[in-house]
Amino acid sequence: MLREQGYIADDCWPYPVHSPIVAHYINAYGSHERKQRWLPKLASGEFVGAIAMTEPGTGSDLQAVRTTARRDGDHYVINGAKTFITNGTHCDLLIIVARTSDAPGGKGLSLIVAETRDLDGFERGRVLQKIGAMGSDTRELAFTDMRVPAENLLGDQEGQGFMQLMQQLPQERLCIGVQASAAAEHAVDLAIAYAKERTAFGRTLLEFQNTRFVLAECRTEALALRTFVDHCIVEHVAGRLDGATASMAKYLATDKECEIVDRCLQIFGGYGYMTEYPIARMYAAARVQKIYGGTNEIMKELIARSL
């Protein structure tokens, strides 16, 4: 589904966060009772899922998270703010990265799930205005003395949050790679179709050598990219995909997506800059792929650490 959604450049359906990310965290770390309570509702669509990692002063550096969750009897009292939260408008179930102790760095982080409907202290803030991916809602969230049952902690004890994030982020990054790879293929298909019908100087664009060479290069790169991403999927299903290789998939796929979409847009000329054309919307949407899920600069650092 991710590949098909990426291919048609659909950014309206919240599936990429809801199912491959939120549901997988709950399935991996939730108690049996919490799984029975939440997973059926996520599967049916009764609940929409979201995950709150990023803060106004904290992007890829998750160890610097400042949102706190202090134990008070059988509840956690959560205070803090998050930003760039996909599905923030519609989420009923929210995984929150919060600091449950004063232990330094990632040692003090935990993942806590909040059911947001009619939850005191939970506030949906500004809807953020993006340059692309207009169909996806992205907004700020705030927590003020928000009380969440202690049994909503993911894992059997506090302080496991950073480890859980590191275990799950490779799948998230691979998912981004899958979508980016599919979008690159779609951009090439759109450009080929346009080049066959658009004429200039008495010839179709595809009859010009430059157009043919650009499309030949883009087609080759898109196919090579898909081959690598498919290899990563096989490794992931077999339980062999490591964090460095997942980072390679995310970094390479999103870099190539932006490059290929840009080159394909050029073939459309002025029409490629008009939002009525899918290639224009794809161009704007592709740029964020190199940012979320960990910036591509962070991906290179993670790859380098494995050398």
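The values are calculated or read from the model by the stated rules, or taken from the named source; none is laboratory data. Fair warning: this is a prediction, and the values are worked out from it, not measured in the lab. Please note: Cβ atoms are built from the backbone with ideal geometry, for glycine as well, and neighbour counts cover all protein chains shown.
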* Residue count, the range 83-135 (criterion: surrounded by fewer than 18 Cβ atoms within 10 Å (Cβ to Cβ), among the hydroxyl-bearing types (Ser, Thr, Tyr) and over 16 Å from residue 47 (Cβ atoms)) -> 1
* Is it the case that the range 190-201 has a residue that's more than 15 Å from residue 256 (Cα to Cα), crowded, with 23+ Cβ neighbours inside 10 Å and out of contact with any Pro (no Cβ under 9 Å at 6 or more places or on another chain)? -> yes
* Asked: Among the listed residues 221, 207, 257, 276, which satisfies the condition of being loosely packed, with under 13 Cβ neighbours inside 10 Å, assigned by the TED database to the domain that holds residue 171, more than 19 Å from residue 168 (Cβ to Cβ) and not hydroxyl-bearing (Ser, Thr, Tyr)?
  -> 276
* **Residue within the range 93-110 that is at pLDDT below 95 and among the basic types (Lys, Arg) present** => yes
* To do: Go through the range 231-243 and give me each residue that's in a helix (DSSP H, G or I) and surrounded by 13 or more Cβ atoms within 10 Å (Cβ to Cβ).
  => 231, 232, 233, 235, 236, 243
* Give the residues of the range 102-131 that are among the aliphatic types (A, V, I, L, M) and in contact with a strand residue (DSSP E or B) (Cβ under 8 Å, 6 or more places away or on another chain), sorted by residue number. => 109, 111, 112, 113, 114, 119, 127, 128
* Asked: Of the residues in the range 156-172, how many are in contact with a Ser or Thr (Cβ under 9 Å, 6 or more places away or on another chain) and either under 14 Å from residue 71 (Cα atoms) or surrounded by fewer than 17 Cβ atoms within 10 Å (Cβ to Cβ) (or both)?
  -> 4
